[in-house]
1. Ser72 to Ala46: FRET efficiency via 1/(1 + (r/R0)^6), r the Cβ-Cβ distance, R0 25 Å, to the nearest 0.05?
2. Which one is right for this structure if Rg/Rh (Cα atoms, Kirkwood Rh) is calculated from it: (i) 1.04; (ii) 0.94; (iii) 0.97?
3. Which value in nm describes the separation of the simple spin-label points at Ala202 and Tyr139, placed 7 Å from the Cα toward the beta carbon?
4. List the residues whose amide H sits under 5 Å from the amide H of Val41, counting only those 5 or more places along or on another chain, with H placed 1.01 Å from N in the peptide plane.
5. Hey, can you find the accessible area per residue of the chain for me, probe 1.4 Å, expressed in square angstrom?
6. Whole angstrom only: what separates the Cα centroid of the stretch 176-198 from the Cα centroid of the stretch 60-106?
7. Sorted by average packing, counted as other Cβ atoms within 10 angstrom per residue and highest first, what order do 11-18, 92-99, 171-178 take?
8. Using a Förster distance of 25 Å, how high is the FRET efficiency between Val117 and Asp183, based on the Cβ-Cβ distance and rounded to 0.05?
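The values are calculated or read from the model by the stated rules, or taken from the named source; none is laboratory data. Computed from a prediction, not measured in an experiment: that's the story for all the values here. Methodologically, a virtual Cβ is constructed for each residue, glycine included, from the backbone with ideal geometry; neighbour enumeration extends over all protein chains shown. All accessible areas refer to the heavy atoms of the entire protein, side chains included, with ligands and DNA or RNA removed. Shrake-Rupley method; radii C 1.70, N 1.55, O 1.52, S 1.80 Å.
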Amino acid sequence: MNLMSALREHRLLAIVRGPDPAAALAAVLTLADSGVALIEVSLTGAEALETVRRARATLGDGFALGVGTVLSVLDAQRATEAGASFLVTPAIAPSVDESSLLGIPVLAGALTPSEVVQAVSAGAAAVKLFPASLGGPSYLSALRDPFPSVAFVPVGGVDATSARSYMDRGAVAVGVGSPLLGDAARGGDLSALRDRVAEFRAAVAP
């Protein structure tokens with residue numbers, strides 16, 4: 001898949017992690033049914049790769065379903081085998097180089113200018129600015145001055161209000177976990193999740 005194009009088009013990456021595999025799967029499918037076209041399942045959730053396999057079987061090969069918190073070479077290999085169409089890392093890790101070898105796009109985590117350079121040099125399709133809440137939208141603005149061509153995706157502490165601010169400052173998309181998912185991946189209210197999806201999609205709309 002072309003991760004850069006998907007990020008620019010859809011502008012919202014939902015991040016699912018939770019202790020209940022069945023609830024996590026239900027959250028993934030609800031997100032997709034509500035119009036979220038980019039979904040990441042974090043390896044920190046229970047039985048995450050099985051959730052990815054089951055979601056892939058339901059959503060089909062064309063859906064942009066990724067695996068997050070991918071750190072090691074083995075993580076990257078197992079995520080790809082489970083059906084991930086892209087990988088997400090929280091930092092510059094061995095998984096970034098492995099993604100290139102596997103031919104799968106990666107959204108690589110970085111915070112400092114030096115890390116941004118490393119991510120781009122390693123072939124990252126885009127840079128996950130993480131944790132974005134440390135500097136906020138103004139920090140993104142500062143980073144974009146020396147890196148105007150880098151595709152930044154702020155992740156970490158992004159709510160609907162700050163999502164709009166990040167987009168206005170040049171982010172190609174935002175990644176959102178608990179402010180969007182709430183308790184859905186723990187068996188919570190899926191109707192409320194649909195309502196939050198509508199709020200976030202409106203916040204990032206062009």
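1. The value I calculate is 0.85.
2. Checked against the structure: label (ii).
3. Computed distance between label sites Ala202 and Tyr139 equals 2.9 nm.
4. Long-range HN contacts for Val41: Val16, Gly66, Val67, Gly68.
5. For the chain, the solvent-accessible area averages 41 Å² per residue.
6. The stretch 176-198 and the stretch 60-106 have Cα centres spaced 24 Å from each other.
7. Answer by packing, highest mean first, reads 11-18, 171-178, 92-99.
8. 0.05
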